[in-house]
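Asker: Questions regarding the structure given below will be posed in turn.
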Amino acid sequence: MPEPLLALDHVNRTFTVKGQTIKAVDDINLDIQAGEVLCLVGESGCGKTTTGKMIAGLLPTSSGRILYRGKDIASIADKDRKAYRLGVQMVHQDPYASLNPIQTIYQTLAAPLQHHRFTRGESETKRRVRELLEIVDLTPPDDFLEKYPHQLSGGQRQRVSVARALTVLPEFIVADEAVSMVDVSIRISLLKMFTRLKDEMGVGVLLITHDLALAKYFAWEGRIGVMYLGRIMEIGQAREVVDHPQHPYTQVLLSAIPEADPDAARAKKRIELRSTDMPSLLQIPTGCTFHPRCPVFAGEVCEKVVPPLKKGDWGSDVACHLVQAHES
Amino acid sequence: MPEPVLSVRDLSIAYQARRGKVQAVRSISFDVERGEAVALIGESGSGKTTVGLGLMHLLPATAKVLEGNVLYRRHSNGLAGREIEVLSLKGDNLRQFRWHECAMVFQSALNALNPVLRISEHFADTAKAHGYLSGYRQTTALKERSLQLLSMVRLDPERVWRSFPHELSGGMRQRVLIALALLLEPQLLILDEPTTALDILTQRSIMDVLKELRQKLGFAMLFISHDLALAAELADRVATVYAGAIIEIGDVRTIFRKPYHPYTIGLINAVPTLTSDKSTLISVPGSPPDLIQLPTGCKFHPRCPLADDRCRREEPPLTEVVSGHKTACWHWSKAREVLKVYRA
């Protein structure tokens, strides 16, 4: 195994809200290879966005380390820090909020190019900006150069955000719900664009989403990690996780997903939860955090012992006492 | 065939904007039968929410109903009763129509409740405003009815009754709104994006609650949503809305299995499902039209792979192509041959 591009080593993150401590991310270990596609899936409050922000260096960890090419990003030397900062870029969820409304698309894209000396002089910058717009399918590029964000649709703005991330030739992009604000009919074309970036430019992507069907589609050749209350419950090859879910939480999620198919939707077998409502982040359950809702709850061991993430039957890593008991 | 609960005919609504007139709803017609669930699906800016607001007389001041009429029929004991011309209602009659006859669950559950009132006060307020259970009977009977509704939406009634909105999660608030909407036993419930912005497991419980309530109470539902999956699960009939007009309407199975309109086909092919194969997902090219400067002819033609000269010139009318199924496309008969429906 080559050295991973990014490695999370016992990463924790807590927040203090009104004097109370909230554990947003709890002991995550994860290796991401260069050019890899990974989807983190989970409900709101599961820590997926916090994890993404820590990987992109927008949020420090509370404890644990994040390594970029083997170097801890918290104490990285200045020269390497710049490589990391450029190498890992973030595309935010809301394309209406993440672009500066008083800068034209050209200004938005030219600034990082010139600041980091990727291009010299006006004409070279303009040529590169045109190229970038073509990469993200905003064609013909000259129609967009002098436009302001408010003149573009949500999908077009999100493409500009991606083009901006690409200005500095990143190796990895963290995309936080990057398609959820975009209309259904154009979501797939955005995802296809990310896939093309990976295939043609070797750019890895971490897509954070709440939609498992979308994650399966996007991470077809990559991995899906399912998070719940700050922990990874199951992680493995995308199609394995969706077609052969091992963790009860993954199974519940999959059975709950509404399907855009009237017959499949009506025939689908639902798994009943022991409790519908998500526990408060202020009082995270002991042991396995899913135990108060788990349909196969097995008593004391689930209440008291945190299940470690281990290989399950189908090659995915699973954090569940029952899956492991079954295996051994 | 009994008379429908709601008949919308040629409804057109426009907003006045600085750039010009926004044609949000263009000559929309549809019926909602008694106890039936109809879904209006469309992307953002398709005008679907404006239809819902128009039905409830809740349009903002910049909007104007240009033409059309909306007929509501009160049924009692299985017989079609009084007919109400909704768009001309005023004052007390309008108040009577809202909530007694037709209630609405709004898009953002997080903002629809008053943050300084307890849930109990929301129920009391609603009852008072609409003259339900007035006087001394109100306190006990109203509480009894409200608690019953709260438990029907799977909430812990005693706890929720005393809570303020901020003490409840998004999904719980959404369920409170549904209970509140049903307080006066309306015949028709309008739900605008009832599950958007909720987590999957919460969405699931809202959908289950709605199915169960509809079975028990027999009201009709009009959903407004961009979520095809929601429509597939809950609706009996589905209407696809594009650029302010219904471009296809029919039975839920026909819409999903044998759609005739290229836009409906495109939408269905663009939504990933758990079982779909990667290669079968195709997005609709282009982006939704500007409602101020609509394209000529068929409004979908700039994005349609089947578009020809006629499509650019003339807008196709919504016509019945098979029994009970209408579509607005010049090429409906060959659309499915050319554009495969991968879900079928």
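Asker: Would you point out which residue out of A:LYS304, A:LYS269 is farther than 23 Å from A:LEU30 by Cα and within 14 Å of chain B (Cβ to nearest Cβ)? Please lay out each step first, then the result.
Answerer: On the way: A:LYS304 fails: within 14 Å of chain B (Cβ to nearest Cβ).
Within the list A:LYS304, A:LYS269, the selection yields A:LYS269.
Asker: What's the number of the condition A:ARG127 fails, among (1) closer than 22 Å to A:ILE55 by Cβ; (2) free of Cβ contacts under 8 Å to residues at least 12 places away in the same chain?
Answerer: In the conditions (1) closer than 22 Å to A:ILE55 by Cβ; (2) free of Cβ contacts under 8 Å to residues at least 12 places away in the same chain, A:ARG127 misses (1) alone.
Asker: Being assigned to a helix (DSSP H, G or I) and under 19 Å from B:THR49 (Cα atoms) is the filter; apply it to the stretch B:210-231 and report the residue that is farthest from the other protein chains (Cβ to nearest Cβ). Write out each step before concluding.
Answerer: First pass over the stretch B:210-231, keeping only residues assigned to a helix (DSSP H, G or I): B:210-217, B:228-231.
Now narrow it down to the ones that are under 19 Å from B:THR49 (Cα atoms): B:228-231.
Values: B:LEU228: 4, B:ALA229: 4, B:LEU230: 6, B:ALA231: 8 Å.
Among residues in the stretch B:210-231 that are assigned to a helix (DSSP H, G or I) and under 19 Å from B:THR49 (Cα atoms), the one farthest from the other protein chains (Cβ to nearest Cβ) is B:ALA231.
Asker: Given the criterion in contact with a helix residue (DSSP H, G or I) (Cβ under 8 Å, 6 or more places away or on another chain) and within 14 Å of another protein chain (Cβ to nearest Cβ), identify the matching residue among B:PRO295, B:PRO289, B:PRO302.
Answerer: B:PRO289
Asker: List the number of the failed condition for A:LYS126; all other conditions in (1) surrounded by 17 or more Cβ atoms within 10 Å (Cβ to Cβ); (2) touching a helix residue (DSSP H, G or I) at 6+ places or on another chain (Cβ under 7 Å) hold.
Answerer: All conditions are met except number (2).
Asker: Further question: Looking only at helices (runs of 4 or more DSSP H) that lie completely in the stretch A:174-257, which have at least 1 residues being without any contact (Cβ under 8 Å) to a residue 24 or more places away in the chain and within 10 Å of chain B (Cβ to nearest Cβ)?
Answerer: A:184-201, A:238-243, A:248-256
Asker: Could we say that B:GLY42 is surrounded by 15 or more Cβ atoms within 10 Å (Cβ to Cβ) and within 14 Å of chain A (Cβ to nearest Cβ) here?
Answerer: yes
Asker: May I pose another question? Which ones in the stretch A:134-162 are surrounded by fewer than 22 Cβ atoms within 10 Å (Cβ to Cβ), of a type in the set (A, V, I, L, M) and in a helix (DSSP H, G or I)?
Answerer: Within the stretch A:134-162, A:ILE135, A:LEU145 qualify.
Asker: Let me ask something else about it. Return yes when A:GLU36 is in contact (Cβ under 8 Å) with a residue 40 or more places away in the chain and surrounded by fewer than 16 Cβ atoms within 10 Å (Cβ to Cβ) and no when it is not. Quick ask: steps written out before the conclusion?
Answerer: Details: in contact (Cβ under 8 Å) with a residue 40 or more places away in the chain: yes; surrounded by fewer than 16 Cβ atoms within 10 Å (Cβ to Cβ): no.
Spelling it out, it is not the case that A:GLU36 is in contact (Cβ under 8 Å) with a residue 40 or more places away in the chain and surrounded by fewer than 16 Cβ atoms within 10 Å (Cβ to Cβ).
Asker: Sticking with this structure for a sec: Considering every residue within the stretch B:138-150, establish whether at least one is surrounded by fewer than 21 Cβ atoms within 10 Å (Cβ to Cβ), within 14 Å of another protein chain (Cβ to nearest Cβ) and free of Cβ contacts under 8 Å to residues at least 40 places away in the same chain.
Answerer: Among the residues of the stretch B:138-150, not one is surrounded by fewer than 21 Cβ atoms within 10 Å (Cβ to Cβ), within 14 Å of another protein chain (Cβ to nearest Cβ) and free of Cβ contacts under 8 Å to residues at least 40 places away in the same chain, which makes the answer no.
Asker: Pairs please, first residue from the stretch B:41-69 and aliphatic (A, V, I, L, M), second anywhere and part of a loop (DSSP other than H, G, I, E, B), Cβ atoms under 6 Å, 6+ apart in sequence or on different chains.
Answerer: B:LEU53/B:LEU59
Asker: Specify the residue that is nearest to A:THR50 (Cα to Cα); the eligible residues are those in the stretch A:1-28 that are charged (D, E, K, R) and in a loop (DSSP other than H, G, I, E, B). Lay out the reasoning, then the answer.
Answerer: Keep residues of the stretch A:1-28 that are charged (D, E, K, R), which gives A:3, A:9, A:13, A:18, A:23, A:26-27.
This time we only want the ones that are in a loop (DSSP other than H, G, I, E, B), so: A:3, A:18.
Numbers: A:GLU3: 24, A:LYS18: 19 Å.
Of everything passing the filter in the stretch A:1-28, A:LYS18 is nearest to A:THR50 (Cα to Cα).
Asker: In addition: Residues that are β-branched (Val, Ile, Thr) and closer than 29 Å to A:PRO140 by Cα, at least 3 per element: which helices (runs of 4 or more DSSP H) completely within the stretch B:235-317 meet that? Lay out the reasoning, then the answer.
Answerer: Numbers: elements: B:252-257, B:262-270, B:309-313.
So the answer is B:262-270.
Asker: Count, please, the residues in the stretch B:181-195 that happen to be surrounded by fewer than 24 Cβ atoms within 10 Å (Cβ to Cβ) and at pLDDT 90 or above.
Answerer: Filtering the stretch B:181-195 down to residues surrounded by fewer than 24 Cβ atoms within 10 Å (Cβ to Cβ) leaves B:181-189, B:192-193.
If we keep only those that are at pLDDT 90 or above too, we end up with B:181-183, B:186-189, B:192.
The qualifying residues number 8.
Asker: Sort out which residues of the stretch B:303-314 are surrounded by fewer than 17 Cβ atoms within 10 Å (Cβ to Cβ) and without any contact (Cβ under 8 Å) to a residue 40 or more places away in the chain, and write them in order of number.
Answerer: B:ASP308, B:ASP309, B:ARG310, B:ARG312, B:ARG313, B:GLU314
Asker: Oh, and also: When you scan the stretch B:76-88, do you find a residue that is modelled with pLDDT of 90 or more, surrounded by 14 or more Cβ atoms within 10 Å (Cβ to Cβ) and not β-branched (Val, Ile, Thr), even just one?
Answerer: Within the stretch B:76-88 (the criterion being modelled with pLDDT of 90 or more, surrounded by 14 or more Cβ atoms within 10 Å (Cβ to Cβ) and not β-branched (Val, Ile, Thr)), the answer is yes, since at least one residue qualifies.
Asker: Another question, then. Condition first: small (Gly, Ala, Ser), at the interface with chain A (Cβ under 10 Å from one of its Cβ atoms) and either farther than 23 Å from B:ARG9 by Cβ or under 15 Å from the mean Cα position of the chain (by Cα) (or both). Can you find one or more residues in the stretch B:265-275 that meet it?
Answerer: Yes - at least one qualifying residue is present in the stretch B:265-275.
Asker: Among (1) at pLDDT 95 or above; (2) in a helix (DSSP H, G or I), there is one condition A:LEU40 misses while meeting the rest; what is its number?
Answerer: Exception for A:LEU40: condition (2).
Residues are listed down the side, and each one gets a yes or a no for (1) closer than 21 Å to B:PHE97 by Cα; (2) β-branched (Val, Ile, Thr); (3) in contact with a helix residue (DSSP H, G or I) (Cβ under 8 Å, 6 or more places away or on another chain); (4) in a strand (DSSP E or B):
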| residue | (1), (2), (3), (4) |
| --- | --- |
| B:PHE30 | yes, no, no, yes |
| B:ARG34 | yes, no, no, no |
| B:THR50 | yes, yes, no, no |
| B:LEU59 | yes, no, yes, no |
| B:GLY68 | yes, no, yes, yes |
| B:ARG82 | yes, no, no, yes |
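Asker: With respect to the numbered conditions (1) more than 30 Å from B:ALA220 (Cβ to Cβ); (2) among the polar types (S, T, N, Q); (3) more than 11 Å from chain A (Cβ to nearest Cβ); (4) crowded, with 18+ Cβ neighbours inside 10 Å, which one is the sole condition not fulfilled by B:SER283?
Answerer: With respect to (1) more than 30 Å from B:ALA220 (Cβ to Cβ); (2) among the polar types (S, T, N, Q); (3) more than 11 Å from chain A (Cβ to nearest Cβ); (4) crowded, with 18+ Cβ neighbours inside 10 Å, B:SER283 is out only on (3).
The values are calculated or read from the model by the stated rules, or taken from the named source; none is laboratory data. Everything numeric here is computed off the predicted structure, so don't read it as measured data. Please note: Cβ atoms are built from the backbone with ideal geometry, for glycine as well, and neighbour counts cover all protein chains shown.
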